[in-house]
Amino acid sequence: HNLTTHYNVFWNGRESFELGVDELNNSKKDNYNYILRPNNYGTPDEARKIYSKMDRAIEKGTKGIQKHSMLFKNKEFNKWIDDCYLLIGKAQFYKQDYVSAARTFEYVMRTFNKSKISYDAHLWLIKTAIEQKHYEEVLTQFEQLETKLNKENVPFRIKRELPLVYADFFINNKNYSTAKSYLKQGVELTMNPKTKARLNFILGQIYQQEKNYAEATLY
């Protein structure tokens, strides 16, 4: 069951998801008249163009759960089932079905709370709340995640992504001054050259708006 879930249904679902994300990244447009966000998830119209790929990812994730789950005495023995659930939630997020995505991420956090993937679900839940503009909930979730960071061995991928989510939150709230420190953390931590370039550009935009032209030019 582990082998089939990983190399058949989950692998195919993840491939479809990644193809959809690539397609969105190649088609979405940034409006440079405004300060950019660290992540641009596209307009509803742009998201609709990748529905089929995200639906396939959801279908494959669901198939993996339904056909290969090994749940005995409330313990899941197939180590790829939590990955299937997270894949479903991320595909729902990219479809901009935020209500379903939040429900899925909350389920992963609750059901697989002893797995490292629960941290990923927590981060995606915060992203979902930002898109929904549920800012009070965002602050609550940030506080809960920070508590985990101080007490638990949180994967580095979460620590690397968290500053970008903070920056996105503050940019969404037009609190550009606070966003700067998180953008700088993101530049230091990211391994992706495109992400690094985008974050530097956003910092330049903010400094330009603040009329700090020397720093704007530098970034």
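The values are calculated or read from the model by the stated rules, or taken from the named source; none is laboratory data. In this text the structure is predicted, and so the values were computed from the model without any measurement. Reconstructed Cβ throughout: ideal geometry from the backbone, glycine too, with neighbour counts over all protein chains shown. The area values use the complete protein model at the heavy-atom level, side chains included, leaving out ligands, DNA and RNA. Shrake-Rupley method; radii C 1.70, N 1.55, O 1.52, S 1.80 Å.
The GluC sites (Glu not before Pro) of the stretch 104-196 that meet both conditions, a loop assignment by DSSP and at most 15 other Cβ atoms within 10 Å of the site Cβ, are Glu152.
Put Ser118, Ser100 in order of accessible area, highest first, and with a 1.4 Å probe you get Ser100, Ser118.
What do you get for trypsin sites (Lys or Arg not before Pro) in the stretch 1-83 restricted to DSSP loop and a cutoff of at most 11 other Cβ within 10 Å of the site's Cβ? Numbers along the way, then the final one.
Numbers: sites: Arg14, Lys28, Lys29, Arg48, Lys49, Lys53, Arg56, Lys60, Lys63, Lys67, Lys73, Lys75, Lys79; in loops: Lys28, Lys29, Lys49, Lys73, Lys79.
Passing both the DSSP loop test and the Cβ count: Lys29, Lys73.
Applying 1/(1 + (r/R0)^6) with r as the Cβ-Cβ distance of Glu146 and Leu36 and R0 = 22 angstrom yields a FRET efficiency of 0.30.
Any of Lys159/Lys184; Lys114/Lys151; Lys95/Lys116; Lys159/Lys180; Lys116/Lys159 with alpha carbons more than 19 Å apart? Name them for me.
The answer is Lys95/Lys116.
Cross-link partners of Lys67 among lysines, defined as those whose alpha carbon lies under 22 angstrom from its own and excluding same-chain residues fewer than eight positions apart: Lys53, Lys75, Lys79, Lys90.
Model label sites at Glu46 and Ser177, defined 7 Å from Cα along the beta-carbon direction, differ in position by 3.0 nm. The alpha carbon centroids of the stretch 155-215 and the stretch 1-56 are separated by 22 Å.
If the chain linking Glu131 and Lys79 were pulled fully straight, counting 0.36 nm for each residue of separation and taking away their Cα-Cα distance, it would gain 15.7 nm. Label positions at Arg103 and Tyr213, each projected 7 Å from the Cα along the C-beta direction, are separated by 5.4 nm. Select one label from (1) 1.00; (2) 1.04; (3) 1.08: the one whose number is Rg/Rh (Cα atoms, Kirkwood Rh) as derived from the coordinates shown. Structure-derived value, by its label: (1). Could you tell me which of rounded, prolate or oblate describes the stretch 99-172, using a ≥ b ≥ c as the square roots of the eigenvalues of the alpha-carbon gyration tensor, with rounded for a/c under 1.5 and, failing that, prolate when a/b is larger than b/c and oblate otherwise? Here the stretch 99-172 falls in the oblate category. Helix 51-68 versus the longest principal axis of the chain: what is the Cα-based angle in degrees, 0 to 90, to the nearest 10? Helix 51-68 sits roughly 40 degrees off the main axis of the chain.
Tally up the carbon and sulfur contribution to the accessible surface of the chain as a whole percent, 1.4 Å probe, everything protein left in place. Don't skip to the end; give the middle numbers.
Numbers: 6000 of 12220 Å².
Whole-percent figure for carbon plus sulfur exposure: 49.
So, for the chain, what is the accessible surface per residue at a probe of 1.4 Å, expressed in square angstrom? Let's see the in-between values first.
Numbers: 12220 Å² over 219 residues.
Result: 56 Å² per residue.
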